[in-house]
1. Those residues that are over 19 Å from TYR27 (Cβ atoms) and in a helix (DSSP H, G or I), I need them from region 139-155; list them, please.
2. Looking only at residues that are of a type in the set (D, E, K, R) and not in a helix (DSSP H, G or I) in region 106-132, which one is modelled with the lowest pLDDT?
3. Just the residues that are farther than 25 Å from SER299 by Cβ, open to solvent by less than 20 Å² (accessible area, probe 1.4 Å) and of a type in the set (Phe, Trp, Tyr), please, taken from region 195-239.
4. Every residue in region 154-168 that is of a type outside the set (Lys, Arg) and under 23 Å from the mean Cα position of the chain (by Cα), please.
5. If I filter region 416-428 for residues that are open to solvent by 40 Å² or more (accessible area, probe 1.4 Å), in contact with a strand residue (DSSP E or B) (Cβ under 7 Å, 6 or more places away or on another chain), more than 25 Å from ARG280 (Cβ to Cβ) and among the charged types (D, E, K, R), do I get at least one hit?
6. Conditions: (1) of a type outside the set (D, E, K, R); (2) within 16 Å of the ligand (Cβ to nearest atom); (3) in contact with a Phe, Trp or Tyr (Cβ under 7 Å, 6 or more places away or on another chain); (4) open to solvent by 20 Å² or more (accessible area, probe 1.4 Å). PRO364 meets all but one. Number of the miss?
7. For the subset of region 23-46 comprising residues that are at pLDDT 95 or above and more than 16 Å from the ligand (Cβ to nearest atom), which member is surrounded by the fewest Cβ atoms within 10 Å (Cβ to Cβ)?
8. Quick one: how many residues across region 427-445 are within 11 Å of the ligand (Cβ to nearest atom) and either more than 17 Å from the chain's Cα centre (by Cα) or on the phi > 0 side of the Ramachandran plot (or both)?
Amino acid sequence: MREDRGLGNLSIEQQAWQALEESIVYYQGQPVGTIAALDPEIAALNYDQCFIRDFISSALLFLMQGRPEIVRNFLEITLKLQPKTGQLDCSKPSRGLMPASFKIASFNGQEYIKADFGDHAIGRVAPADACLWWVILLRAYVIATQDTELVEREDFQEGIRLVLELCLVTRFDMYPMVLVPDAASMIDRRMGLYGHPLDIQSLFYGALKASLELLTPIQSNQFMIRAVKNRLDPLLKQLREHYWLDPERLNVIYRFQVEEYGEEALNQFNIYSDSIPFYRLANWLPEAGGFLAGNLGPSQLDCRFFSLGNLMAIILSLTTEQQSHKILNLIELRWSDLVGQMPMKLCYPALENSDWQIVTGADPKNRPWSYHNGGSWPVLLWMLTAAAKKMGRGELAHHAIAVAERRLVQDQWAEYYDGPDGRLIGKEARKYQTWTITGYLLAKELIKNPDHLKLMTFVEGMREER
Ligand code: GLC
(Lines give C-alpha, C1' and ligand atoms only; values in the text may rest on other atoms or scores of the structure.)
Protein backbone atom coordinates (compact mmCIF):
# COMPACT_ATOMS: atom_id res chain seq x y z
CA MET A 1 0.00 0.00 0.00
CA ARG A 2 1.02 3.58 -0.59
CA GLU A 3 1.42 4.42 3.12
CA ASP A 4 4.06 1.68 3.35
CA ARG A 5 6.09 3.53 0.78
CA GLY A 6 6.70 6.33 3.25
CA LEU A 7 4.17 8.75 1.80
CA GLY A 8 3.30 9.81 5.34
CA ASN A 9 6.11 12.38 5.31
CA LEU A 10 4.92 14.07 2.16
CA SER A 11 2.54 17.04 2.09
CA ILE A 12 -0.99 16.52 0.78
CA GLU A 13 -0.02 18.14 -2.49
CA GLN A 14 3.12 16.04 -2.89
CA GLN A 15 1.10 12.88 -2.29
CA ALA A 16 -1.42 14.03 -4.86
CA TRP A 17 1.25 14.74 -7.48
CA GLN A 18 2.76 11.33 -6.86
CA ALA A 19 -0.61 9.61 -7.21
CA LEU A 20 -1.24 11.52 -10.44
CA GLU A 21 2.09 10.33 -11.80
CA GLU A 22 1.14 6.74 -11.01
CA SER A 23 -2.12 7.07 -12.90
CA ILE A 24 -0.46 7.86 -16.24
CA VAL A 25 -1.25 5.46 -19.07
CA TYR A 26 1.43 4.68 -21.67
CA TYR A 27 1.01 3.56 -25.25
CA GLN A 28 4.08 2.44 -27.17
CA GLY A 29 6.18 4.04 -24.49
CA GLN A 30 4.47 7.43 -24.73
CA PRO A 31 2.20 8.94 -22.04
CA VAL A 32 -1.29 9.26 -23.50
CA GLY A 33 -3.73 9.73 -20.61
CA THR A 34 -4.55 8.88 -17.00
CA ILE A 35 -6.67 6.02 -15.72
CA ALA A 36 -9.89 6.72 -13.86
CA ALA A 37 -8.89 5.05 -10.58
CA LEU A 38 -6.09 2.97 -9.15
CA ASP A 39 -7.98 1.27 -6.35
CA PRO A 40 -6.26 -1.99 -5.41
CA GLU A 41 -9.26 -3.19 -3.40
CA ILE A 42 -12.22 -3.19 -5.81
CA ALA A 43 -12.67 -4.88 -9.19
CA ALA A 44 -11.56 -2.41 -11.83
CA LEU A 45 -14.58 -2.79 -14.17
CA ASN A 46 -13.84 0.09 -16.54
CA TYR A 47 -12.04 2.26 -13.99
CA ASP A 48 -8.75 1.07 -15.48
CA GLN A 49 -9.57 3.07 -18.61
CA CYS A 50 -8.76 6.63 -19.56
CA PHE A 51 -12.06 8.55 -19.66
CA ILE A 52 -12.12 11.69 -21.75
CA ARG A 53 -14.11 13.66 -19.18
CA ASP A 54 -11.94 12.44 -16.31
CA PHE A 55 -8.74 13.32 -18.16
CA ILE A 56 -9.69 17.00 -18.54
CA SER A 57 -8.52 17.96 -15.06
CA SER A 58 -5.32 15.88 -15.47
CA ALA A 59 -4.72 17.53 -18.83
CA LEU A 60 -5.12 21.06 -17.48
CA LEU A 61 -2.57 20.26 -14.78
CA PHE A 62 -0.09 18.86 -17.30
CA LEU A 63 -0.52 22.00 -19.40
CA MET A 64 0.09 24.20 -16.35
CA GLN A 65 3.17 22.14 -15.46
CA GLY A 66 4.65 22.63 -18.91
CA ARG A 67 4.12 18.97 -19.88
CA PRO A 68 1.95 19.36 -22.98
CA GLU A 69 3.18 16.17 -24.75
CA ILE A 70 0.78 13.92 -22.88
CA VAL A 71 -2.12 16.21 -23.76
CA ARG A 72 -1.04 16.32 -27.38
CA ASN A 73 -0.75 12.53 -27.49
CA PHE A 74 -4.19 12.21 -25.90
CA LEU A 75 -5.74 14.61 -28.41
CA GLU A 76 -4.16 12.75 -31.34
CA ILE A 77 -5.18 9.32 -30.10
CA THR A 78 -8.77 10.24 -29.38
CA LEU A 79 -9.03 12.04 -32.71
CA LYS A 80 -7.99 8.81 -34.45
CA LEU A 81 -10.71 6.95 -32.54
CA GLN A 82 -13.43 9.34 -33.75
CA PRO A 83 -15.42 7.69 -36.58
CA LYS A 84 -15.04 9.68 -39.78
CA THR A 85 -17.57 8.02 -42.06
CA GLY A 86 -21.34 7.68 -41.84
CA GLN A 87 -22.54 4.31 -40.54
CA LEU A 88 -25.44 2.21 -41.70
CA ASP A 89 -24.64 -0.28 -38.96
CA CYS A 90 -26.52 0.90 -35.87
CA SER A 91 -24.19 -0.98 -33.56
CA LYS A 92 -21.33 1.32 -34.59
CA PRO A 93 -20.84 4.81 -33.14
CA SER A 94 -21.99 7.80 -35.18
CA ARG A 95 -19.63 9.87 -37.23
CA GLY A 96 -18.08 12.60 -35.07
CA LEU A 97 -18.71 10.95 -31.70
CA MET A 98 -15.78 10.73 -29.30
CA PRO A 99 -15.46 7.71 -27.01
CA ALA A 100 -16.28 7.86 -23.31
CA SER A 101 -13.01 6.07 -22.58
CA PHE A 102 -10.22 3.97 -24.03
CA LYS A 103 -7.73 1.46 -22.77
CA ILE A 104 -4.50 -0.03 -23.96
CA ALA A 105 -4.88 -3.72 -24.68
CA SER A 106 -2.45 -6.13 -26.24
CA PHE A 107 -2.72 -8.94 -28.74
CA ASN A 108 0.17 -11.19 -29.69
CA GLY A 109 2.50 -8.89 -27.82
CA GLN A 110 1.28 -5.87 -29.82
CA GLU A 111 -0.33 -2.95 -28.01
CA TYR A 112 -3.52 -1.55 -29.43
CA ILE A 113 -6.17 0.93 -28.30
CA LYS A 114 -9.66 -0.22 -27.47
CA ALA A 115 -12.31 2.47 -27.27
CA ASP A 116 -15.67 2.43 -25.51
CA PHE A 117 -18.28 4.66 -27.13
CA GLY A 118 -20.85 3.53 -24.62
CA ASP A 119 -21.19 0.25 -26.48
CA HIS A 120 -19.67 -1.54 -23.47
CA ALA A 121 -20.73 0.85 -20.72
CA ILE A 122 -23.36 0.01 -18.14
CA GLY A 123 -26.71 0.92 -19.70
CA ARG A 124 -25.00 1.39 -23.09
CA VAL A 125 -25.02 5.17 -22.64
CA ALA A 126 -23.64 7.47 -25.35
CA PRO A 127 -21.08 10.02 -24.09
CA ALA A 128 -22.32 13.28 -25.64
CA ASP A 129 -20.03 15.31 -23.40
CA ALA A 130 -16.80 13.68 -24.64
CA CYS A 131 -16.63 15.47 -27.99
CA LEU A 132 -17.53 18.79 -26.34
CA TRP A 133 -14.79 18.42 -23.72
CA TRP A 134 -12.39 17.42 -26.48
CA VAL A 135 -12.86 20.71 -28.35
CA ILE A 136 -12.59 22.70 -25.10
CA LEU A 137 -9.37 20.87 -24.20
CA LEU A 138 -7.92 21.39 -27.67
CA ARG A 139 -8.36 25.14 -27.21
CA ALA A 140 -6.70 24.98 -23.77
CA TYR A 141 -3.77 23.12 -25.37
CA VAL A 142 -3.39 25.83 -28.01
CA ILE A 143 -3.53 28.60 -25.40
CA ALA A 144 -0.94 26.88 -23.21
CA THR A 145 1.49 25.94 -25.97
CA GLN A 146 0.78 28.41 -28.76
CA ASP A 147 1.14 25.33 -30.96
CA THR A 148 -1.26 26.37 -33.70
CA GLU A 149 0.31 23.93 -36.13
CA LEU A 150 -1.44 20.99 -34.49
CA VAL A 151 -4.93 22.45 -34.61
CA GLU A 152 -4.45 23.72 -38.15
CA ARG A 153 -3.73 20.22 -39.40
CA GLU A 154 -6.48 18.98 -41.69
CA ASP A 155 -7.23 15.96 -39.50
CA PHE A 156 -7.85 18.25 -36.50
CA GLN A 157 -9.95 20.67 -38.53
CA GLU A 158 -12.00 17.73 -39.78
CA GLY A 159 -12.36 16.40 -36.22
CA ILE A 160 -13.80 19.71 -35.03
CA ARG A 161 -16.14 19.89 -38.04
CA LEU A 162 -17.46 16.41 -37.34
CA VAL A 163 -18.15 17.22 -33.69
CA LEU A 164 -20.07 20.30 -34.80
CA GLU A 165 -21.93 18.37 -37.46
CA LEU A 166 -23.14 15.97 -34.81
CA CYS A 167 -24.49 18.82 -32.69
CA LEU A 168 -25.63 21.33 -35.27
CA VAL A 169 -26.75 19.73 -38.46
CA THR A 170 -29.30 16.93 -38.39
CA ARG A 171 -31.58 16.85 -35.38
CA PHE A 172 -35.09 16.14 -34.11
CA ASP A 173 -35.45 19.45 -32.34
CA MET A 174 -36.65 23.03 -32.68
CA TYR A 175 -34.64 24.54 -29.83
CA PRO A 176 -31.16 26.06 -29.98
CA MET A 177 -29.97 23.69 -27.27
CA VAL A 178 -28.48 20.34 -28.18
CA LEU A 179 -30.76 17.32 -27.71
CA VAL A 180 -29.16 14.33 -25.99
CA PRO A 181 -30.29 11.07 -24.43
CA ASP A 182 -30.35 10.55 -20.67
CA ALA A 183 -27.03 9.62 -19.03
CA ALA A 184 -24.94 11.29 -21.73
CA SER A 185 -22.49 13.10 -19.48
CA MET A 186 -20.64 12.75 -16.18
CA ILE A 187 -24.01 11.58 -14.87
CA ASP A 188 -23.95 8.41 -16.93
CA ARG A 189 -26.96 6.69 -15.39
CA ARG A 190 -30.62 7.50 -15.78
CA MET A 191 -31.35 10.64 -13.79
CA GLY A 192 -34.11 12.43 -15.70
CA LEU A 193 -31.62 14.22 -17.92
CA TYR A 194 -33.05 13.21 -21.24
CA GLY A 195 -33.45 16.22 -23.55
CA HIS A 196 -31.56 19.41 -22.83
CA PRO A 197 -29.66 18.97 -19.56
CA LEU A 198 -27.75 21.99 -18.38
CA ASP A 199 -24.46 20.12 -17.86
CA ILE A 200 -24.37 19.36 -21.58
CA GLN A 201 -25.61 22.81 -22.67
CA SER A 202 -22.82 24.59 -20.79
CA LEU A 203 -20.21 22.38 -22.44
CA PHE A 204 -21.94 22.80 -25.79
CA TYR A 205 -21.71 26.57 -25.46
CA GLY A 206 -18.01 26.29 -24.52
CA ALA A 207 -17.30 23.97 -27.45
CA LEU A 208 -19.05 26.32 -29.89
CA LYS A 209 -17.07 29.32 -28.63
CA ALA A 210 -13.84 27.32 -28.72
CA SER A 211 -14.44 26.02 -32.23
CA LEU A 212 -14.89 29.55 -33.56
CA GLU A 213 -11.32 30.22 -32.40
CA LEU A 214 -9.97 26.90 -33.65
CA LEU A 215 -11.54 26.60 -37.10
CA THR A 216 -9.36 28.17 -39.77
CA PRO A 217 -11.14 30.27 -42.42
CA ILE A 218 -10.65 27.69 -45.20
CA GLN A 219 -13.45 27.00 -47.65
CA SER A 220 -14.39 23.62 -46.20
CA ASN A 221 -15.00 25.24 -42.80
CA GLN A 222 -17.25 28.06 -43.98
CA PHE A 223 -20.52 26.19 -43.59
CA MET A 224 -19.71 25.15 -40.03
CA ILE A 225 -18.43 28.59 -39.03
CA ARG A 226 -21.77 30.03 -40.20
CA ALA A 227 -23.69 27.30 -38.37
CA VAL A 228 -21.84 28.04 -35.12
CA LYS A 229 -22.38 31.79 -35.45
CA ASN A 230 -26.08 31.25 -36.13
CA ARG A 231 -26.45 29.08 -33.07
CA LEU A 232 -24.50 31.01 -30.45
CA ASP A 233 -26.84 33.96 -29.88
CA PRO A 234 -30.11 32.05 -29.65
CA LEU A 235 -28.43 29.45 -27.43
CA LEU A 236 -27.10 32.10 -25.08
CA LYS A 237 -30.46 33.87 -24.94
CA GLN A 238 -32.33 30.67 -24.27
CA LEU A 239 -30.02 29.61 -21.45
CA ARG A 240 -29.80 33.03 -19.82
CA GLU A 241 -33.54 33.59 -19.96
CA HIS A 242 -35.40 30.30 -19.88
CA TYR A 243 -33.10 28.25 -17.68
CA TRP A 244 -32.63 31.07 -15.20
CA LEU A 245 -34.29 30.81 -11.78
CA ASP A 246 -34.18 33.48 -9.13
CA PRO A 247 -36.93 34.76 -6.83
CA GLU A 248 -38.16 37.25 -9.42
CA ARG A 249 -38.21 34.74 -12.24
CA LEU A 250 -39.87 32.20 -10.01
CA ASN A 251 -42.73 34.61 -9.56
CA VAL A 252 -43.07 35.08 -13.31
CA ILE A 253 -43.24 31.32 -13.81
CA TYR A 254 -45.73 31.01 -10.96
CA ARG A 255 -48.10 33.29 -12.85
CA PHE A 256 -47.45 31.89 -16.34
CA GLN A 257 -50.28 31.65 -18.86
CA VAL A 258 -50.43 28.20 -20.41
CA GLU A 259 -51.51 26.66 -23.73
CA GLU A 260 -50.20 29.65 -25.69
CA TYR A 261 -49.99 29.07 -29.42
CA GLY A 262 -47.82 30.94 -31.90
CA GLU A 263 -44.82 33.19 -32.01
CA GLU A 264 -45.81 35.61 -29.27
CA ALA A 265 -46.04 32.93 -26.54
CA LEU A 266 -44.25 33.93 -23.35
CA ASN A 267 -44.47 30.48 -21.85
CA GLN A 268 -42.81 28.91 -24.89
CA PHE A 269 -42.29 25.58 -23.19
CA ASN A 270 -45.83 25.40 -21.81
CA ILE A 271 -44.59 24.98 -18.25
CA TYR A 272 -47.41 24.24 -15.81
CA SER A 273 -47.05 26.00 -12.52
CA ASP A 274 -48.12 22.87 -10.65
CA SER A 275 -45.01 21.04 -11.83
CA ILE A 276 -42.67 23.44 -9.98
CA PRO A 277 -41.91 22.95 -6.27
CA PHE A 278 -42.59 26.64 -5.54
CA TYR A 279 -42.83 26.52 -1.80
CA ARG A 280 -39.63 24.55 -1.37
CA LEU A 281 -37.81 26.78 -3.83
CA ALA A 282 -39.19 30.01 -2.42
CA ASN A 283 -37.89 28.91 0.94
CA TRP A 284 -34.55 27.74 -0.34
CA LEU A 285 -33.62 30.39 -2.90
CA PRO A 286 -32.16 33.40 -1.11
CA GLU A 287 -33.15 36.85 -2.35
CA ALA A 288 -29.57 37.40 -3.61
CA GLY A 289 -29.25 33.98 -5.23
CA GLY A 290 -30.14 32.34 -8.50
CA PHE A 291 -29.11 29.45 -10.74
CA LEU A 292 -29.63 27.79 -14.08
CA ALA A 293 -32.22 25.03 -14.01
CA GLY A 294 -31.15 21.45 -14.66
CA ASN A 295 -33.18 20.73 -17.77
CA LEU A 296 -35.78 22.35 -20.01
CA GLY A 297 -38.20 20.90 -22.52
CA PRO A 298 -41.88 20.64 -23.35
CA SER A 299 -43.80 21.17 -20.09
CA GLN A 300 -40.61 20.44 -18.21
CA LEU A 301 -38.45 22.70 -16.09
CA ASP A 302 -36.20 20.65 -13.86
CA CYS A 303 -35.52 22.84 -10.83
CA ARG A 304 -32.68 20.76 -9.41
CA PHE A 305 -29.34 22.54 -9.05
CA PHE A 306 -26.57 20.88 -11.10
CA SER A 307 -23.11 22.03 -10.11
CA LEU A 308 -21.14 21.18 -13.23
CA GLY A 309 -23.47 23.09 -15.55
CA ASN A 310 -23.72 26.11 -13.26
CA LEU A 311 -20.00 26.33 -12.51
CA MET A 312 -18.95 25.82 -16.11
CA ALA A 313 -21.50 28.48 -17.11
CA ILE A 314 -19.65 30.95 -14.89
CA ILE A 315 -16.22 29.85 -16.12
CA LEU A 316 -17.23 30.07 -19.79
CA SER A 317 -19.13 33.39 -19.34
CA LEU A 318 -22.34 31.76 -20.41
CA THR A 319 -24.10 33.52 -17.55
CA THR A 320 -24.06 37.31 -17.25
CA GLU A 321 -21.81 38.82 -14.61
CA GLN A 322 -24.81 39.40 -12.37
CA GLN A 323 -26.08 35.85 -12.83
CA SER A 324 -22.62 34.44 -12.08
CA HIS A 325 -22.55 36.36 -8.81
CA LYS A 326 -26.03 35.15 -7.95
CA ILE A 327 -24.97 31.53 -8.46
CA LEU A 328 -21.99 32.07 -6.18
CA ASN A 329 -24.23 33.84 -3.67
CA LEU A 330 -26.45 30.80 -3.67
CA ILE A 331 -23.49 28.51 -3.01
CA GLU A 332 -22.33 30.79 -0.22
CA LEU A 333 -25.74 31.15 1.41
CA ARG A 334 -26.71 27.50 0.99
CA TRP A 335 -23.25 26.23 1.86
CA SER A 336 -24.37 23.40 4.11
CA ASP A 337 -26.65 22.02 1.36
CA LEU A 338 -24.32 22.47 -1.59
CA VAL A 339 -20.86 22.09 -0.05
CA GLY A 340 -21.40 20.58 3.38
CA GLN A 341 -18.58 18.28 4.48
CA MET A 342 -17.16 17.76 0.99
CA PRO A 343 -17.22 20.13 -2.00
CA MET A 344 -19.52 19.64 -3.66
CA LYS A 345 -22.94 18.23 -4.52
CA LEU A 346 -23.28 16.96 -8.07
CA CYS A 347 -26.95 17.91 -7.91
CA TYR A 348 -29.32 19.18 -5.27
CA PRO A 349 -31.71 18.05 -3.93
CA ALA A 350 -31.76 14.27 -4.32
CA LEU A 351 -34.71 12.53 -5.92
CA GLU A 352 -36.52 10.62 -3.20
CA ASN A 353 -39.29 8.05 -2.82
CA SER A 354 -41.43 7.58 -5.93
CA ASP A 355 -39.46 10.26 -7.81
CA TRP A 356 -36.34 8.18 -7.29
CA GLN A 357 -38.17 5.02 -8.37
CA ILE A 358 -39.68 6.52 -11.49
CA VAL A 359 -36.94 8.85 -12.63
CA THR A 360 -33.85 6.71 -11.96
CA GLY A 361 -35.55 3.38 -12.63
CA ALA A 362 -35.09 2.55 -8.92
CA ASP A 363 -31.32 2.50 -9.43
CA PRO A 364 -29.78 1.43 -6.09
CA LYS A 365 -26.45 3.08 -6.86
CA ASN A 366 -28.33 6.36 -7.25
CA ARG A 367 -30.54 6.01 -4.22
CA PRO A 368 -31.28 9.34 -2.46
CA TRP A 369 -28.16 11.30 -1.43
CA SER A 370 -25.79 8.87 -3.05
CA TYR A 371 -23.53 8.96 -6.15
CA HIS A 372 -25.11 11.09 -8.89
CA ASN A 373 -28.35 11.56 -6.97
CA GLY A 374 -27.29 14.15 -4.42
CA GLY A 375 -23.82 12.71 -3.72
CA SER A 376 -20.77 14.98 -3.40
CA TRP A 377 -17.87 14.85 -5.87
CA PRO A 378 -14.46 16.29 -4.99
CA VAL A 379 -13.61 16.73 -8.69
CA LEU A 380 -16.03 19.67 -8.70
CA LEU A 381 -13.65 21.53 -6.39
CA TRP A 382 -11.61 22.80 -9.31
CA MET A 383 -14.67 24.15 -11.08
CA LEU A 384 -15.85 25.86 -7.91
CA THR A 385 -12.39 27.34 -7.45
CA ALA A 386 -12.16 28.50 -11.06
CA ALA A 387 -15.64 30.05 -10.97
CA ALA A 388 -15.00 31.79 -7.64
CA LYS A 389 -11.58 33.10 -8.70
CA LYS A 390 -12.91 34.30 -12.01
CA MET A 391 -15.56 36.36 -10.23
CA GLY A 392 -13.11 37.75 -7.68
CA ARG A 393 -14.54 35.66 -4.86
CA GLY A 394 -11.50 33.63 -3.95
CA GLU A 395 -12.62 33.37 -0.32
CA LEU A 396 -15.25 30.82 -1.36
CA ALA A 397 -12.57 28.71 -3.00
CA HIS A 398 -10.24 28.91 0.00
CA HIS A 399 -13.03 27.84 2.27
CA ALA A 400 -14.01 24.90 0.06
CA ILE A 401 -10.40 23.73 -0.32
CA ALA A 402 -9.97 23.83 3.46
CA VAL A 403 -13.07 21.64 3.84
CA ALA A 404 -11.79 19.14 1.26
CA GLU A 405 -8.29 19.03 2.72
CA ARG A 406 -9.60 17.72 6.02
CA ARG A 407 -10.68 14.48 4.37
CA LEU A 408 -9.11 13.73 1.01
CA VAL A 409 -5.86 12.06 2.03
CA GLN A 410 -7.33 10.28 5.01
CA ASP A 411 -10.08 8.92 2.77
CA GLN A 412 -7.54 7.95 0.10
CA TRP A 413 -8.93 10.25 -2.58
CA ALA A 414 -12.43 8.78 -2.64
CA GLU A 415 -14.42 9.14 -5.82
CA TYR A 416 -17.57 10.55 -4.20
CA TYR A 417 -19.35 11.03 -0.86
CA ASP A 418 -22.86 10.20 0.30
CA GLY A 419 -25.43 11.75 2.63
CA PRO A 420 -27.23 15.10 2.63
CA ASP A 421 -24.10 16.74 4.07
CA GLY A 422 -21.52 14.65 2.18
CA ARG A 423 -20.07 13.16 5.36
CA LEU A 424 -19.95 9.49 4.32
CA ILE A 425 -17.46 8.02 1.88
CA GLY A 426 -19.57 6.89 -1.08
CA LYS A 427 -20.99 3.42 -0.70
CA GLU A 428 -19.34 2.17 -3.87
CA ALA A 429 -16.73 4.90 -4.22
CA ARG A 430 -13.33 3.96 -5.63
CA LYS A 431 -10.24 5.04 -3.77
CA TYR A 432 -7.35 6.77 -5.53
CA GLN A 433 -9.77 8.21 -8.03
CA THR A 434 -7.69 10.31 -10.39
CA TRP A 435 -10.11 13.18 -10.89
CA THR A 436 -10.48 13.54 -7.12
CA ILE A 437 -6.71 13.95 -6.96
CA THR A 438 -6.58 16.34 -9.90
CA GLY A 439 -9.65 18.27 -8.79
CA TYR A 440 -7.77 19.12 -5.61
CA LEU A 441 -4.44 19.85 -7.30
CA LEU A 442 -6.06 22.01 -9.93
CA ALA A 443 -7.87 24.03 -7.29
CA LYS A 444 -4.53 24.61 -5.53
CA GLU A 445 -2.80 25.60 -8.78
CA LEU A 446 -5.58 28.03 -9.69
CA ILE A 447 -5.21 29.70 -6.32
CA LYS A 448 -1.43 29.94 -6.69
CA ASN A 449 -1.59 31.26 -10.21
CA PRO A 450 -5.02 32.55 -11.30
CA ASP A 451 -3.53 33.39 -14.69
CA HIS A 452 -4.09 29.71 -15.54
CA LEU A 453 -7.80 30.49 -15.72
CA LYS A 454 -7.17 31.68 -19.25
CA LEU A 455 -7.04 28.04 -20.36
CA MET A 456 -10.77 27.79 -19.80
CA THR A 457 -12.26 31.28 -19.81
CA PHE A 458 -13.26 33.51 -22.68
CA VAL A 459 -12.95 36.88 -21.00
CA GLU A 460 -10.01 39.22 -21.20
CA GLY A 461 -7.99 39.63 -18.03
CA MET A 462 -8.99 38.99 -14.45
CA ARG A 463 -11.37 40.80 -12.19
CA GLU A 464 -10.15 42.35 -8.98
CA GLU A 465 -10.50 40.38 -5.80
CA ARG A 466 -13.35 41.79 -3.78
C1 GLC B 1 -18.48 6.82 -13.39
C2 GLC B 1 -18.94 8.27 -13.46
C3 GLC B 1 -18.39 8.90 -14.73
C4 GLC B 1 -16.88 8.76 -14.77
C5 GLC B 1 -16.47 7.29 -14.61
C6 GLC B 1 -14.97 7.13 -14.47
O7 GLC B 1 -19.04 6.07 -14.41
O8 GLC B 1 -20.33 8.35 -13.43
O9 GLC B 1 -18.76 10.25 -14.77
O10 GLC B 1 -16.39 9.28 -15.98
O11 GLC B 1 -17.07 6.76 -13.46
O12 GLC B 1 -14.48 7.84 -13.37
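The values are calculated or read from the model by the stated rules, or taken from the named source; none is laboratory data. Being a predicted model, the structure only gives us computed values, none of them experimental. Positions of Cβ are backbone-derived with ideal geometry, glycine not excepted, and every protein chain shown enters the neighbour counts. Keep in mind that these areas ignore ligands, DNA and RNA; they rest on the heavy atoms of the full protein, side chains included. Shrake-Rupley method; radii C 1.70, N 1.55, O 1.52, S 1.80 Å.
1. Selection gives ARG139, ALA140, VAL142, ILE143, ALA144, THR145, THR148, GLU149, VAL151, GLU152, GLU154.
2. Start the filter on region 106-132 by keeping residues that are of a type in the set (D, E, K, R), which leaves 111, 114, 116, 119, 124, 129.
With the extra rule that they be not in a helix (DSSP H, G or I), the set shrinks to 111, 114, 116, 119.
On the way: GLU111: 96, LYS114: 96, ASP116: 96, ASP119: 87.
Step by step, filter region 106-132, then rank; the result is ASP119.
3. None; the set is empty.
4. Across region 154-168, the qualifying residues are PHE156, GLY159, ILE160, LEU162, VAL163, LEU164, GLU165, LEU166, CYS167, LEU168.
5. yes
6. Condition not satisfied by PRO364: (3).
7. Taking region 23-46 as the starting set, the residues that turn out to be at pLDDT 95 or above are 23-37.
The next check asks that each one be more than 16 Å from the ligand (Cβ to nearest atom); those that pass are 26-32.
Numbers: TYR26: 13, TYR27: 18, GLN28: 11, GLY29: 6, GLN30: 13, PRO31: 17, VAL32: 24.
Residue satisfying both the conditions and the ranking: GLY29.
8. The number of residues fulfilling the criteria is 3.
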